[in-house]
Amino acid sequence: MQKSEIRHKQWEIADSLCSYLKTGKVLVGQVNDIITTCDIQADGYTVAKFLERAQSMAHSPFHIKRTFDKKVPHRRLTYHVTLKAR
């Protein structure tokens, strides 16, 4: 994948997340749940990578909290995504 394609995909993911979160809702769940809820046209790896990077980017409009679900045997990551207050 070319760098421009990756950036375009990141914009699509961010746009889908913003559209959902601007309704006042909060996203909670695993990557596949987030993909389904926001109707994101990307695979799980791409969305997970975006969430990891967006967590540390200063200009990101998202506040992302990751937690391990200790009740599940495989200890999957659960994300809690909200918009930053501006």
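Each value in this text was obtained by applying a stated rule to the coordinates, not by laboratory testing. Everything quoted here is computed from the prediction, not taken from an experiment. Glycine gets a Cβ as well: all are built from the backbone with ideal geometry, and neighbour counts include every protein chain shown.
Packing-based ranking of 30-43, 58-71, 11-24 yields 30-43, 11-24, 58-71, ordered from highest to lowest mean Cβ neighbour count within 10 Å. Assuming R0 = 25 Å, can you tell me the calculated FRET efficiency for the pair PHE68 and SER4, based on Cβ-Cβ distance, to the nearest 0.05? Approximately 0.10, to the nearest 0.05.
Computed over the alpha-carbon pairs of the chain, the distance histogram in 10 Å steps reads 17, 53, 26, 4 percent, short to long.
What size of dipole, in debye to the nearest 20, comes out for the chain about its Cα centre when the only charges are +1 on Lys and Arg C-beta atoms and -1 on Asp and Glu C-beta atoms? All intermediate terms of the calculation are to be shown ahead of the outcome.
Numbers: 15 positive and 8 negative charges, 88 e Å.
Dipole about the Cα centre, nearest 20: 420 debye.
For the chain, relative contact order (Cα pairs under 8 Å, six or more residues apart, normalised by length) works out to 30 percent.
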